[in-house]
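The values are calculated or read from the model by the stated rules, or taken from the named source; none is laboratory data. None of the values given here were measured: they were computed from a predicted structure. Heads up, the Cβs are rebuilt from the backbone with ideal geometry, glycines too, and the neighbour counts pull from every protein chain shown.
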Amino acid sequence: MSTSTTASVSTHILDTSIGRPAEGVAVHLFARGGREEDWQALGGSATDADGRCKDLPDLPEGTTHVRLDFAVEAYFEENTAKKQADAQQDAPATRDSGAVFFPEVAITFAVNPGEHYHVPLLLNPFGYSVYRGS
């Protein structure tokens, strides 16, 4: 049983369009001490070659809500050519206008003191899903 008075957060991103971790995605962490409080920017990091963000800042004591902001537009823009080269032969060569449909993904969730929250992001150019991992 944890005796910590603060929650902790970790995340990783899997690019499901290529079945690989998403490297180099900027992730920003925000916290607040109640739903009526203002968000406090705590800092951020970027995903490593494994798609993991291992050095997110600690949450302040009294945190009740957390928001992870993922800046995915730059990731998709930088990796479009590589993905097209690695794509299966039967995949369409172009999609829509080439613009990123979701330029940012913001995930907000409630936390309890002393618990760890691992929040994976499953990402592709036209959709995403998240869940509480372990």
Of Gly51, Gly43, the only residue that is under 17 Å from the mean Cα position of the chain (by Cα), over 16 Å from Ser129 (Cα atoms) and at pLDDT 95 or above is Gly43
Taking region 4-18 and keeping only residues that are small (Gly, Ala, Ser) and modelled with pLDDT under 95, one is left with Ser4, Ala7, Ser8, Ser17
Residues of region 17-57 being assigned to a loop (DSSP other than H, G, I, E, B) and either in contact (Cβ under 8 Å) with a residue 60 or more places away in the chain or among the β-branched types (Val, Ile, Thr) (or both), in sequence order, are Ser17, Ile18, Ala22, Val25, Thr47
Restricting region 114-134 to residues that are part of a loop (DSSP other than H, G, I, E, B) and out of contact with any Gly (no Cβ under 8 Å at 6 or more places or on another chain), the one farthest from Val27 (Cα to Cα) turns out to be Gly114
Scan region 39-48 and give yes if some residue there is in contact with a strand residue (DSSP E or B) (Cβ under 9 Å, 6 or more places away or on another chain), of a type in the set (S, T, N, Q), closer than 24 Å to Glu115 by Cα and surrounded by 20 or more Cβ atoms within 10 Å (Cβ to Cβ), otherwise no. yes
Pairs returned, first residue in region 110-132 that is over 21 Å from His65 (Cα atoms) and among the small types (Gly, Ala, Ser), second residue that is at pLDDT 95 or above and surrounded by 13 or more Cβ atoms within 10 Å (Cβ to Cβ), beta-carbon separation under 6 angstrom, 6 or more apart or interchain, are none
